[in-house]
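The values are calculated or read from the model by the stated rules, or taken from the named source; none is laboratory data. It should be emphasised that the depicted structure is a prediction, and the values quoted were computed from it without experimental measurement. Note: ideal-geometry Cβ built from the backbone for every residue, glycine included; neighbour counts use all protein chains shown. Accessible surface areas use protein heavy atoms only, side chains included; no ligands, DNA or RNA. Shrake-Rupley method; radii C 1.70, N 1.55, O 1.52, S 1.80 Å.
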Amino acid sequence: METQDHRRVTLRSILIGIALAVFIGLWIPYNVWVVRGTFMDFEHVSASLMAPFLFFVIVVNGLLRKYRPAATFTTAELLVILSFGLIASTVPSHAFMSYFIGVITTPYYFASPENQWVEVFFQYLPSWLLVDPADHTIRWFYEGRPAYARLPWRPWIVPLFWWGTFFIALFFAGSCLVVILRKQWIVHEKLSFPLAQVLAQVIDEPGGRSFLPRFMRGRLFWIGFSLPLVVIGWNIVDYFTPVGVIPIGQPYATDLVIGHLFPAIKIKINIYLLCFALFSPVDILFSIWVFHLLAILESGGMNAVGLLETGASPDAAVRLQEIGALIVFVLWGFWVARRHLWDVARKALGGLGRAPEVDDSEEFFSYRAAVLGVLLGVAYMAAFLHMAGMGIAIMAPFLFLLFIFYVGVARIVAETGLVALDLPMNSHEFLIRGVGSAGIDPSSLTVFGLTNAFARNWKTFTMVSVSHITRIGDRVWTDKKLMFTVICGAFALAFLIGAAYTIYSGYETVGASQFDQWAFTTGNIHFFESVKIWIQNPTRMSVLEAAWFFLGGFAMMVLIFLRYKFPGWPLHPVGLTIARGVAIDNGAFTLFVAWAVKVLLLRSGGISLFRSTQPLIMGMLVGFCTGLVLSNLVDIFWFPGQGHRIHGW
């Protein structure tokens, strides 16, 4: 009976989870937009989650364990709280909300006679998905509300409602896909989920009455804890008086240039990325930095032989090569899972007595419900996009590519443990390049501009959070159906809080034009400038780009063959799918360092030596999060509006 109690979802864990979600939803945008402090919301397991969650686990639960052992939060309860935080941290600020609010406010505010938006695509804009600009609604949002005016909530209600239904359908369909793929990834393929390994150590309840959780006990932890904290602490002193900085962290990068025709290699250390990367498989770390280097050599090589003069873009060609590899990688994953998917289909489509040997009792809900959820979710999304003005002929490949990319990101993070990851190209941009904008009607192209609210998002809707929640909670919870309800509720809550606080911040603080964030200053303009270009100037993939796209797909097939034919083959296919992109361009050197350190440890003392150093790594992670919070507090009290951005990609 006691075991059952320790594996259930409790009311107090839900309430604490809600409090954590609300805190994240308010703290992150306030920190970025008002304080101008450091970014903490780029990663799939972001520092905006880890900092408050570690405080709860270490301090709050430590005090309970020390003085009121019966009230200590169990592992299952901590996972409920973590789940709220994981979902909530994917919504605010740069994670999702800034793109969304930027998209639904940009056309009416930034349109001008010079950019010709009104003449080119305004007749195709769905007014029910955009904020009505009447009565200065949008102007005050970007410039700040006058003292005499009331905050105009009413014009936001209709677009927030309809977009909210779309996002819930998208999130639900993605979660249903996780239910369908969970057993294949976790049981059959045994993907390592390195991020889940780190989180599992944090929520592991040791028992007893010690104040410290298990992962903090030992000298190595405190050595690791002190290293980043000393660096950040010393640099904080430099905020007040020049003492010289220790150049470790996001602001301190050196460009290593092979030649003037080659993209620069960024030399910098991201401590947060390093801590998680040390849990990643060695072959994957090796493959990522090797393919990153090869991609740079490819771009420079094409520039050197003059391919740029043909009108093609070597950089775009290399990125399309990765997209070709990604599509083959995902489709191969579905082929490997064909027997499992057939079992899911038999269980879902058969009668109640069909396929009794297929067990779906460990899932959030039955396979039948999951398949139905995917179908209903996609059907609603299709109806929504069609009502917005997207043609059915282009919508089908768009939705297909959207979920291919989403599943690809979830799969890549599950295999690699990369805490920061984006793709080199977005699904709608790739589709327009492939088909050619001349072959797509202007109304659909205009709606593609609006899809930047979600099609360029690699964090909120890619199922990374939900798949990791299922991995950690695989043998923790008994009431998984209730937990799925909690996850969906966490997303809805985060969406409401994120939207409300973003709108409030624009009117009541500095104005969205002063948020100093790409999605409100230049990125949002780029989204709709692209729509104008697509309509006025036919855009399509060049011959070189098409060749490199198919070359990427072929190279992926060769890598997969070599991987299966020769078990010791050193290059993992996943490295080719993410060789370039903002996250990898900025983190490749850190991943190289992680690979070198891990290889040294494994060759010196094997897996036992690596496991013995894990407290050091966990100490560095906790110390870095502590340093971020300390820097943030200093910015809030001493440098409001002039904060220090010590963390990012």
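Given R540, R475, which one is open to solvent by 30 Å² or more (accessible area, probe 1.4 Å), at pLDDT below 90 and touching a Gly at 6+ places or on another chain (Cβ under 6 Å)?
R540
Would you confirm, using the coordinates I've provided, whether A438 is farther than 24 Å from F167 by Cβ and touching a residue at least 60 places away in the same chain (Cβ under 8 Å)?
Answer is yes for this residue.
Scan (1) touching a residue at least 12 places away in the same chain (Cβ under 8 Å); (2) polar (S, T, N, Q); (3) open to solvent by 50 Å² or more (accessible area, probe 1.4 Å) for the single condition S366 breaks and write down its number.
It is condition (3) that S366 fails.
Is at least one residue of the stretch 493-510 in contact (Cβ under 8 Å) with a residue 12 or more places away in the chain, under 23 Å from Y30 (Cα atoms), open to solvent by less than 10 Å² (accessible area, probe 1.4 Å) and among the polar types (S, T, N, Q)?
Yes, because at least one residue in the stretch 493-510 is in contact (Cβ under 8 Å) with a residue 12 or more places away in the chain, under 23 Å from Y30 (Cα atoms), open to solvent by less than 10 Å² (accessible area, probe 1.4 Å) and among the polar types (S, T, N, Q).
Yes or no: the stretch 397-419 includes at least one residue that is open to solvent by less than 10 Å² (accessible area, probe 1.4 Å), over 30 Å from N270 (Cβ atoms) and within 24 Å of the chain's Cα centre (by Cα).
Yes, that holds for at least one residue.
Using the structure shown, decide if V118 is open to solvent by 40 Å² or more (accessible area, probe 1.4 Å), within 18 Å of A388 (Cβ to Cβ) and β-branched (V, I, T).
Taking the combined requirement at face value, the residue does not satisfy it.
Given the conditions (1) closer than 21 Å to I284 by Cα; (2) in a helix (DSSP H, G or I); (3) at pLDDT below 95, report the number of the one that S192 does not fulfil.
Failing condition for S192: (2).
Taking the stretch 263-288, which residues are in a strand (DSSP E or B) and among the hydrophobic types (A, V, I, L, M, F, W, C)?
Correct list: I265, I267.
Got a number for residues in the stretch 577-608 being surrounded by fewer than 17 Cβ atoms within 10 Å (Cβ to Cβ) and under 22 Å from G249 (Cβ atoms)?
2
Quick grid of which residues meet (1) in contact (Cβ under 8 Å) with a residue 40 or more places away in the chain; (2) outside any helix (DSSP H, G or I); (3) open to solvent by 80 Å² or more (accessible area, probe 1.4 Å):
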position	(1), (2), (3)
L212	yes, yes, no
L220	yes, no, no
S226	yes, no, no
V231	yes, no, no
G244	no, yes, no
Q250	yes, yes, no
D255	no, yes, yes
L261	yes, yes, no
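With the requirement that a residue be open to solvent by 40 Å² or more (accessible area, probe 1.4 Å), modelled with pLDDT under 95 and within 26 Å of the chain's Cα centre (by Cα), what does the stretch 609-649 give you?
Matches in the stretch 609-649: H644, R645, W649.
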